[in-house]
1. Give me the mean projected area, in nm² to one decimal, of the convex hull enclosing the Cα positions of the stretch 66-168.
2. Place a +1 charge on the Cβ of each Lys and Arg in the stretch 32-116 and a -1 charge on the Cβ of each Asp and Glu, then give the dipole magnitude about the Cα centre in debye, rounded to the nearest 20.
3. R0 = 30 Å: FRET efficiency of T139 with S104, Cβ-based, nearest 0.05?
4. Once you place label points 7 Å from the Cα toward the Cβ at S73 and Q119, how far apart are they in nm?
5. What residues from the stretch 122-149 fall in the zone where the backbone N is under 16 Å from a label point 7 Å along the Cα-to-C-beta line of A168?
6. Per residue of the stretch 19-25, what does 6.51 cos²θ - 1.76 cosθ + 1.60 with θ = phi - 60° give for ³J(HN,Hα)? Whole Hz please, x for Gly and Pro, Karplus curve as stated.
7. Given 0.36 nm per residue, what is the gain on full extension from L156 to L60 after removing their alpha carbon distance, in nm?
8. With a Cα-only, solvent-free Debye model of the stretch 5-188, what are the log10 I(q)/I(0) values at q = 0.13, 0.15, 0.20 Å⁻¹?
Amino acid sequence: MTSNSQLDINDLTPQAFAVYGWMLGKPMPDGNGIPLFSNPATDFWQEHLFNTGAGGDAELLWVNYRSQSPEISNLEKHLLTQQAIVPLTGEIIQVVAQSAADGSPNLGTLTAFRVPQGQGICMRPGCWHATRVVDAEVTCLMLTRRSTTLDLIQHLTTSASATESAIAEIPVQRLENRVDAREQAEAAQ
């Protein structure tokens with residue numbers, strides 16, 4: 001599939017990401033019933049209640065992303081579980097789209113977000129996605145469902161059909177302003 005579509009990269013904010021899931025790494029809240037603790041040595045608070053779906057076990061994955069390709073030609077989604085990604089060693093570009101009524105990617109909702117090191121995202125079940133890096137390999141912590149990981153590995157390494165995930169080809173979308181956006185963010189600091 002070919003296309004001349006360009007996809008701008010947006011800054012990550014809770015409001016901008018809300019239709020796809022939740023932004024992680026927001027400042028400590030005021031309280032308002034959210035479990036939290038703060039003293040001179042440490043702060044911790046509830047950021048998000050992760051849902052693996054019925055009967056699912058949560059698992060932490062260590063993921064290395066290396067694709068610098070500005071072209072997006074396929075997307076992946078997980079049917080049962082949320083999936084959280086937190087970049088540990090650099091910035092990632094997360095491309096997301098909502099599902100259309102028939103379950104395919106709704107390209108009218110396709111967007112890309114710059115996810116800085118130390119923040120993160122948690123995608124809703126059914127959120128189509130792809131991940132890119134700007135410069136080099138980026139290691140991320142991922143929270144997902146154990147059976148979804150096993151199902152996806154089996155699909156990617158054998159001819160078995162995936163039952164908890166889907167991968168779809170889309171008309172090629174080209175990420176724009178990858179380096180320019182990073183340089184602008186650095187200049188603003």
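1. Result: a mean projected hull area of 6.5 nm².
2. The dipole magnitude comes to about 140 debye.
3. The calculated FRET efficiency here is 0.45.
4. Placing both labels 7 Å beyond Cα along the Cβ direction yields 3.1 nm.
5. Only 124-130 pass the distance filter.
6. 3J(HN,Hα) across the stretch 19-25, in whole Hz: 6, 9, x, 10, 7, 10, x.
7. Result for the pair: 32.6 nm of gain on full extension.
8. Taken in order of the listed q values, log10 I(q)/I(0) reads -0.70, -0.93, -1.55.
Read the figures in this text as sums done on the coordinates, not as results from a lab. These numbers come from a predicted model, not from an experiment. Glycine gets a Cβ as well: all are built from the backbone with ideal geometry, and neighbour counts include every protein chain shown.
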